[in-house]
1. Quickly work out the K161-to-E59 label distance, labels modelled 7 Å from Cα along the C-beta direction, and quote it in nm with one decimal.
2. Using a Förster radius of 30 Å, what is the FRET efficiency between M72 and Q28 based on their Cβ-Cβ separation? Nearest 0.05, please.
Amino acid sequence: MNYQTTSSINEETKKESKKNKTKNEPNQKPTSAYVGASWGVLIIGLLSYCIGLWNASMELNEKGYYFAIILMGVYAVISLQKVIRDKAEHIKVSDIYYSISWVIVIASLLLLIIGLRNADLLLSEKGFYGISFLLSLFGAITVQKNTRDIDFINNKATEEK
């Protein structure tokens with residue numbers, strides 16, 4: 001018996017698609033719904049974190065500490081996402097920059113955890129800051145990824161014309 005399976009895609013189409021698509025290269029733009037959701041997550045995370053800080057009954061220096069951590073964390077994850085993407089696309093990245101990016105992301109998370117652990121806040125408030133912080137970091141990563149994908153695809157389309 002012959003157990004050979006057939007495919008709806010012929011061999012020529014497979015070969016052409018492999019030629020046209022290089023390794024780790026995005027093949028289509030992110031949908032507008034995904035881009036919008038990513039921006040929404042980033043904005044909601046940052047706004048909720050900042051509104052929570054604004055309304056918190058803590059000293060101004062504590063508010064500054066938590067605000068500096070969110071700025072540091074958002075910048076660090078954007079930088080880390082870029083470095084990881086550069087490595088995946090075989091773009092030269094120095095090992096020191098790659099390492100520093102990881103260290104700063106981990107440091108921002110540890111500083112938030114240590115600060116919240118020692119803060120005189122209700123457990124629900126600590127959870128609020130932790131979740132809005134993580135939501136902001138996730139939003140920053142996806143917005144940066146989408147921006148890079150869209151830019152790459154637009155440049156590729158311009159070069160093909």
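1. If labels sit at E59 and K161, their model points lie 5.8 nm apart.
2. Computed FRET efficiency for M72 and Q28: 0.35.
Coordinate-derived values only; no laboratory data. Just so it is clear, the model here is predicted, and its values are computed rather than measured. Don't worry about glycine lacking a Cβ; one is built from the backbone with ideal geometry, like all the others, and counts go over all protein chains shown.
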